[in-house]
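These notes are about the structure you will find just below.
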Amino acid sequence: MKHYDVLVIGGGIAGISAAKALDGLKVLLVEKSDRLGGILNQCLHRGFGKDMTGPEYISGILSDFPENINVALKTAVTDITPQKTATLRHENSTEEISFSELILATGCMERPTGHMLIAGSRPEGVYTAGQVQEMINIHGIIPPSPAVILGSGDIGLIVAKHLFENNVEVTIVEIKDQLGGLARNRMWLEGYDVKIMINTTVKKILGEESINGVVLTDGTHIPAKTLIAATGLIPDREILKYKNYPFEIHICGNCKEVFPMVEGVARDAERAANAAIENIRRNNDR
Ligand SMILES: Cc1cc2nc3c(=O)[nH]c(=O)nc-3n(C[C@H](O)[C@H](O)[C@H](O)COP(=O)(O)OP(=O)(O)OC[C@H]3O[C@@H](n4cnc5c(N)ncnc54)[C@H](O)[C@@H]3O)c2cc1C
C-alpha cells in the first residue's frame, strides 16, 4: 500500500493552495473531475483576485504548482477509515492508500431542488443555480425564457446576470425583505431590467411535464419556463462516514464554511496545511 505524508481530497482552490503549502512533503492531491480548479472552472464572470475570471485565476494559481506533488485526476476518494487509509476510485481501478495527515477540501454542494418546500411536482425546467451556471458557461445551453430565480445570494445574482445577458426575462423571488449577496453583485442589477419580488416566496410550481409558471405566497402568478433554486450552499463532508475518527482532520475551504471570496479560501487552506505540517513535525520529534 502506498503511503503519503498528506492526503488532500479535492482539487479546488482550497486543495490546490493546501498542496502548494505542503511542498517538500510526500503529498497526494485527489480530484474527482478531469481538471483542477473546482467551482472556478464554471465561473466565467470577473471578480476573482484582480478582476479575473475563475479560469484565469486558476491558471495563475497553477503556474507555480510544484512538480513533485502527486496529482490524481478523475479519481474520487470513496472512503476514509479510522486506521488512516483511504479508498481511491480511479476510472478503471480501485486503490487503497495510507496517510499520516488528511486535508479535506471537498467544497460545498447546493441544496437539491427536491429540498425546496414547494407544493407541486418537479416538472422539466426546474434546476439548481449551479446546474444553470454549468449549462450556460460550460455547455453553452441557455435555459428557456422567462425564468424565476428563487433566492438572491451571490450565486442567484450571478446566474440572473448570465441569463439577462442571454436575453432571458428574469424575476428574482426573495423571502427576506432585501436582496442577499455581495454589494458588488447586487449593484449590477440597478442597470438591468430584472424584476425583483421581496418578502415572498414560491408556493406552487405549475405544469405537468414542463414547468409553465409559479404561484407566490401572495397569490401572484408568474409565467415561467425555467425555475432556478438558488437556495443555499452546504459544506460537503459526506466522505466522513464514520462517527469518530481518532485523528485530527484538517477541514478547509467551502467544506468548512461557505466562503464568499477566493482569498479567504486560500488563506484557510494554508492554515490547514500548516496544522498538518506541525503534526508531522511533532510526531517526528517523538
Ligand atoms: C457561483 C459562485 C461564484 C463565486 N464567485 C466568486 C467571485 O466572484 N470572487 C471570489 O473571490 N469568490 C467567488 N466565489 C467563492 C470562492 O471562490 C469559491 O467558493 C471557492 O473557490 C471554493 O473553493 P473550494 O476549493 O473550497 O471548493 P470547490 O471549488 O468546490 O472545490 C472542491 C473540489 O473537491 C472535489 N471533490 C469533492 N469531493 C471529492 C471526492 N470525494 N474525491 C475527490 N474530489 C472531490 C470537487 O470535484 C471539487 O473540484 C464564488 C463561489 C461560487 C459558488
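Simple spin-label model, 7 Å along Cα-to-Cβ: residue 263 to residue 199 in nm?
Placing both labels 7 Å beyond Cα along the Cβ direction yields 3.7 nm.
What whole-number volume per residue, in cubic angstrom, does the convex hull of the C-alpha atoms of the stretch 22-111 give?
Enclosed volume per residue, from the Cα hull, is 129 Å³.
Using θ = phi - 60° and the Karplus curve 6.51 cos²θ - 1.76 cosθ + 1.60, what whole-Hz ³J(HN,Hα) does each residue of the stretch 40-56 get, with Gly and Pro shown as x?
Values per residue, Gly and Pro as x: 5, 4, 9, 9, 8, 6, 8, x, 9, x, 8, 6, 9, 7, x, x, 5 Hz.
Multiplying the sequence separation of residue 242 and residue 192 by 0.36 nm and subtracting their Cα-Cα distance, what value in nm do you get?
13.2 nm
Under a Cβ-Cβ cut-off of 13 Å, what is the net charge of the residues other than residue 184 that fall near it, where Lys and Arg count +1 and Asp and Glu count -1?
Residues near residue 184 contribute 0 overall.
Quick one: Debye curve from the C-alpha atoms of the stretch 112-231, no solvent, what's log10 I(q)/I(0) at q = 0.17, 0.19 Å⁻¹?
Summing over Cα pairs of the stretch 112-231 leads to -0.76, -0.97.
Calculate, for residue 73 and residue 51, the FRET efficiency according to 1/(1 + (r/R0)^6) with r their C-beta to C-beta distance and R0 30 Å; round to the nearest 0.05.
E between residue 73 and residue 51, to the nearest 0.05, is 0.60.
Kindly work out what percent of the DSSP beta bridges joining two residues of the chain are antiparallel, to the nearest 5.
Antiparallel bridges: around 35 percent, rounded to the nearest 5.
How high is the FRET efficiency between residue 175 and residue 95 when r is their beta carbon distance and R₀ equals 30 Å, given to the nearest 0.05?
Given R0 = 30 Å and the Cβ-Cβ separation, E is 0.05.
What residues have an amide H closer than 5 Å to that of residue 52, excluding those fewer than 5 places away on the same chain, when H is modeled at 1.01 Å from N in the peptide plane?
Those qualifying (amide H under 5 Å, at least 5 residues apart or on another chain) are 47.
Rank 233, 210, 145 by how far each Cα sits towards the positive end of the charge dipole of the chain (+1 on Lys, Arg Cβ; -1 on Asp, Glu Cβ) and give me just the farthest.
Checking the options against the dipole of the chain, the answer is 233.
Sort 250, 90 by Cβ crowding within 10 Å, fewest neighbours at the top.
90, 250
State the extension gain, in nm to one decimal, for the chain segment bounded by residue 121 and residue 210, taking 0.36 nm per residue of separation less the distance between their alpha-carbons.
So the extension gain works out to 31.0 nm.
Amide H neighbours of residue 71 under 5 Å, at least 5 residues apart or on other chains, H built in the peptide plane: list them.
So residue 71 has HN proximity to 29.
Per DSSP H run of n ≥ 4, the term is -39500 (n - 2.57); total these for the chain, divide by its residue number, and report the mean residue ellipticity at 222 nm rounded to 500 deg cm²/dmol.
That calculation yields -7500 deg cm²/dmol at 222 nm.
May I ask what percent, to the nearest 5, of DSSP beta bridges between residues of the stretch 112-231 are antiparallel?
30 percent
With the radius of gyration and the Kirkwood radius both derived from the Cα set of the chain, what is their ratio Rg to Rh?
1.03
With +1 on each Lys and Arg Cβ and -1 on each Asp and Glu Cβ, and nothing else charged, work out how big the dipole of the stretch 172-285 is about its Cα centre, in Debye to the nearest 20.
Charge dipole, the stretch 172-285, about its Cα centre: 180 debye, nearest 20.
Using alpha carbon centroids, what distance separates the stretch 1-68 and the stretch 220-286, in Å?
14 Å
Counting other C-beta atoms within 10 Å, which of 94, 220, 106 has the fewest, and how do the rest follow?
Fewest-to-most Cβ neighbours within 10 Å comes out as 94, 220, 106.
With only Lys, Arg, Asp and Glu charged, each at its Cβ (+1 for the first two, -1 for the last two), find how big the charge dipole of the chain is about the Cα centre; round to the nearest 20 debye.
480 debye
Can you put 170, 194 in order of Cβ neighbours within 10 angstrom, beginning with the fewest?
With the sparsest Cβ surroundings first, the list reads 194, 170.
Here, each number is a calculation from the coordinates, and none is a lab measurement. Keep in mind it's a predicted model, so treat the numbers as computed, not measured. Note that we place each Cβ from the backbone using ideal geometry, even for glycine, and neighbour counts take in every protein chain shown.
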